[in-house]
Protein chains: 2
Amino acid sequence: MNQTMIDEHEPAEGPSPLQIDLARRILERIRDFELGVGTRISAPELARAFGVSRSPISAALDMLVEKGVLQPTEKRGLRIASDISGIDIHDLLPSSPIEDLYRRMMRERASGELPQDVSEAELMPRYGVSRGIVRKLLMRFAAEGLAQRLPGHGWRFVDSLVGDQAYRESYEFRIVVECAALRAPAFNADPEHLGQVRRAHERILRDPQASTGGDEWFRVNASFHESLAACSGNRFLVDAVRQQNNLRRMHESGVFLELPVERIEQSCREHLAILDAVEAGDMEWAEAMLRQHLRQASEFRWPPRTPEDS
Amino acid sequence: MNQTMIDEHEPAEGPSPLQIDLARRILERIRDFELGVGTRISAPELARAFGVSRSPISAALDMLVEKGVLQPTEKRGLRIASDISGIDIHDLLPSSPIEDLYRRMMRERASGELPQDVSEAELMPRYGVSRGIVRKLLMRFAAEGLAQRLPGHGWRFVDSLVGDQAYRESYEFRIVVECAALRAPAFNADPEHLGQVRRAHERILRDPQASTGGDEWFRVNASFHESLAACSGNRFLVDAVRQQNNLRRMHESGVFLELPVERIEQSCREHLAILDAVEAGDMEWAEAMLRQHLRQASEFRWPPRTPEDS
DNA sequence: TTGTGCTTTTCATTTGATCAAAATGCACTA
DNA sequence: TAGTGCATTTTGATCAAATGAAAAGCACAA
């Protein structure tokens, strides 16, 4: 072959998915801790918090410097350069192609475009990616309890939350597990942690409109339920709640319409009331409210979908 | 290169892991359905039952013919040739190297020889296998909820059931979930299925000695708890019970001593009593007994281990 | 001490070709 | 109508080499 092109390395191999993910989580962390402009940022601390080495953290911080969120101090190190409380994190950061594909698959599965049983070979041309990518994605679905390998050939997505039946089962399960968490003998509310959850809710209530579209509300909602379970001190309860959150994420990614603002506000207030009861130590009241909260949610019907849906 | 050797394919590539697994499950099925000598065997039916195509089923049946369990009929097709109720399935069938390695890893992890955090590169030389094999094994652990990928490099085994703390949490979780299953509004006992579980218990009671060593008792025990959950009609409860079974399997594979016979017999009888109550529709009594059964199990201390254990 | 900026080392992904195994289709039979 | 036996097609496992990314180490600064 003749080399008419400069056979240099392909330029601009962007940041790795891990780096992008870390950058996003760093922003979320800055917001959750309500760190102000000028605060110094420590790479080792972040590395510890996220369970990785400094290498990908440094790369993520570099991205944030490029975006103007951070800036180098006079001597060494970084500090926060701008207020990010108002901006949308997803708009600021590129999302990795892998992440996009993951969401796209989830959406197509939730809407039924993608069948329940799929083969790797079928997905490769469909999404125009190599087998390695397909497997990585499927493994991720599997790790989140959303898919599993079949014996022999192929993968199967879990019976998702389509149809009233599975939906009911999910809420029944959540009531069982989450209420049990509140009743756990070793229940111990960590004020620090719950306070953070509470602040996130108050942020939503201050500007509910901003949360209807993105997954901001989803994140806060999920962390509320997970944090309550965490107080039980029982890791299995936490895992169960987390998996239910994953399932709901997949289901809701198939619903295109936005949640009505009033709905979000009401849920927020219910969450805060439950937090009040928990922090006051009135577990029975908290449990009653949580049960009621979940039951209401299970009766909520999603807004009508696009016309061609069944 | 000169070809001094006959460059034929390596001989005797044994049966695939799937084939061996299917052969084992076919034997278990014959025993569970108590099919007698002479019964004809239908490959498509087995393929349907196990969710695979006829190809691996045929290979598995060939293995069983070789072992003398099945034999060809005069014209076409196969029939059962010998009574297998007394034999040990594990002795009859070879176990695939992959399966052996899986068990070995599980045992070494349960006993603490293998650290909680591992890298693929560390396991390759340790077990003398390629990276592909290591990944397949780790993926299997992950699928069973026994391990997960870490961000960046490496894998982490789940906090296993070592230490009183995790052990207590596990039983607490099981009580919550399994008792909820009995209380489920849609609870519906399938007599066919439960009868099969019952027969398996009676088989154990007839010859308890035979079950102390192998995993026969473990299988029956696990299927009892899983079957009860299945009657709830709630897939999430079933999944939760199944995952707890996986965890216990890993934990118990680290315990070398055998369970005392009396212990197995007592559990068997308790299981049967619970089945009686369930089939009689007395769910409250069933739940009370189940709760008591689990609580007792949680208080049971394993027999002393080999001396050098902590 | 704790953090930074760099280098070195280790680890895992990617890629493409080859091959084993599972799925599928078809002719034929009980 | 289901089942068998065999042939064909499809799927995914496997391997080594090259590349890219994360972890680990070190000197130095606040």
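The numbers here are math on the coordinates, done by the rules we state, and not lab data. For clarity, every value in this text was computed on a predicted model and none was experimentally measured. As a convention, Cβ positions derive from the backbone with ideal geometry for all residues, glycine included, and neighbour counts pool all protein chains shown.
Our note on the geometry: Cα centres of the range A:111-127 and the range A:149-223, 27 Å apart. The ranking of B:130, A:232 by Cβ neighbour count inside 10 Å, starting from the fewest, reads B:130, A:232.
Between residue B:75 and residue A:90, what is the FRET efficiency for a Förster distance of 60 Å, r being their Cβ-Cβ separation, to the nearest 0.05?
Details: r = 67 Å, r/R0 = 1.12.
Calculated value: 0.35.
With label points defined 7 Å past Cα in the direction of Cβ, position residue B:159 shows copy-to-copy spacings of 3.2 nm, given to one decimal and shortest first.
Inter-chain Cβ neighbour count for B:232-241, averaged per residue, equals 6 (cutoff 10 Å, partner chain atoms only). Any lysines with Cα under 24 Å of the residue B:136 Cα? List them, leaving off those in the same chain fewer than 8 positions away. Reachable lysines: A:136. Here the 3J(HN,Hα) profile of the range A:227-234, calculated from phi with Karplus coefficients 6.51, -1.76 and 1.60 at θ = phi - 60°, is 5, 4, 4, 4, 5, 5, x, 10 Hz, Gly and Pro shown as x.
Using just its DSSP H runs of length 4 or more, each adding -39500 (n - 2.57), the protein assembly as shown gives a mean residue ellipticity at 222 nm of -19000 deg cm²/dmol after division by all residues. Taking every alpha-carbon pair under 8 Å whose residues sit at least 6 apart, chain B reaches a relative contact order of 16 percent. Taking every residue in B:192-200 and counting other chain Cβ atoms within 10 Å of its Cβ, the average works out to 0. Let me know the longest stretch in chain A that avoids all trypsin sites (Lys or Arg not before Pro) found in a DSSP loop with at most 13 other C-beta atoms within 10 Å. Here the longest run is A:77-300.
Shown is the FRET efficiency for residue A:296 and residue B:83, computed with R0 = 60 Å from the Cβ-Cβ distance and rounded to the nearest 0.05: 0.55.
The alpha carbons of the range B:164-299 give a radius of gyration and a Dmax of 14.2, 41 Å, in that order. Ordering B:113, A:99, A:169 by the number of other Cβ atoms within 10 Å of each residue's own Cβ, fewest first, gives B:113, A:99, A:169. Here A:69, B:220 are placed in order of increasing Cβ neighbour count within 10 Å, fewest first, which gives B:220, A:69. At what distance in angstrom do the alpha carbon centres of the range A:64-89 and the range A:238-295 lie from each other? Here the two parts' Cα centres lie 33 Å apart. With its label point put 7 Å out from Cα toward Cβ, residue A:111 sits 5.5 nm from the same residue's point in the other copies, in order from shortest. Take each residue of peptide A:183-191, count the partner chain Cβ atoms within 10 Å of its Cβ, and average: the result is 1. What residues of the range B:174-196 lie in the reach of a label at residue B:282, counting those whose backbone N is under 20 Å from a point 7 Å from the Cα along Cα→Cβ? Answer for the range B:174-196: B:179-184, B:187-191, B:194-195.
Between the residues B:246, B:155, B:179, the greatest Cα displacement towards the positive end of the dipole of chain B, with unit charges on the Cβ of Lys, Arg, Asp and Glu, is found for B:155. Each copy carries a label point for residue B:99 at 7 Å from Cα toward Cβ; from one copy, the others' points are 4.3 nm away, ordered from shortest.
List the relative contact order of the range B:17-92 as a percent without decimals, with contacts defined as Cα pairs under 8 Å and 6+ residues apart. Let's see the in-between values first.
On the way: 75 pairs, mean separation 27.7, N = 76.
Result for the range B:17-92 is 36 percent.
Each Lys and Arg contributes +1 and each Asp and Glu -1, all at the Cβ; summed about the Cα centre of the range B:17-92, the dipole is approximately 380 debye. Each residue of the range A:57-74 is assigned a 3J(HN,Hα), and the resulting list reads 5, 4, 4, 5, 5, 4, 4, 5, 5, 4, 7, x, 6, 10, 8, x, 7, 4 Hz, derived from the Karplus form 6.51 cos²θ - 1.76 cosθ + 1.60 (θ = phi - 60°), x at Gly and Pro. Here the Karplus relation 6.51 cos²θ - 1.76 cosθ + 1.60, evaluated at θ = phi - 60°, turns the backbone of the range A:198-207 into coupling constants of 4, 4, 4, 5, 5, 4, 4, 5, 5, 9 Hz, with x for every Gly and Pro.
Tell me the relative contact order for the range A:124-273 as a rounded percent, counting alpha carbon contacts under 8 Å between residues six or more apart. Kindly include the intermediate steps, with their values, before the conclusion.
Values: 121 pairs, mean separation 40.0, N = 150.
Contact order relative to length: 27 percent.
With the simple model of a label 7 Å out from the Cα in the direction of the Cβ, residue A:206 to residue B:104 spans 5.9 nm.
Between A:208, A:194, A:288, the Cα set farthest toward the positive side of the dipole of chain A (charges on each charged residue's Cβ, about the Cα centre) is that of A:194. Simple point charges give the picture: +1 on the Cβ of Lys and Arg, -1 on the Cβ of Asp and Glu, and for the range A:164-299 a dipole about the Cα centre of about 220 debye.
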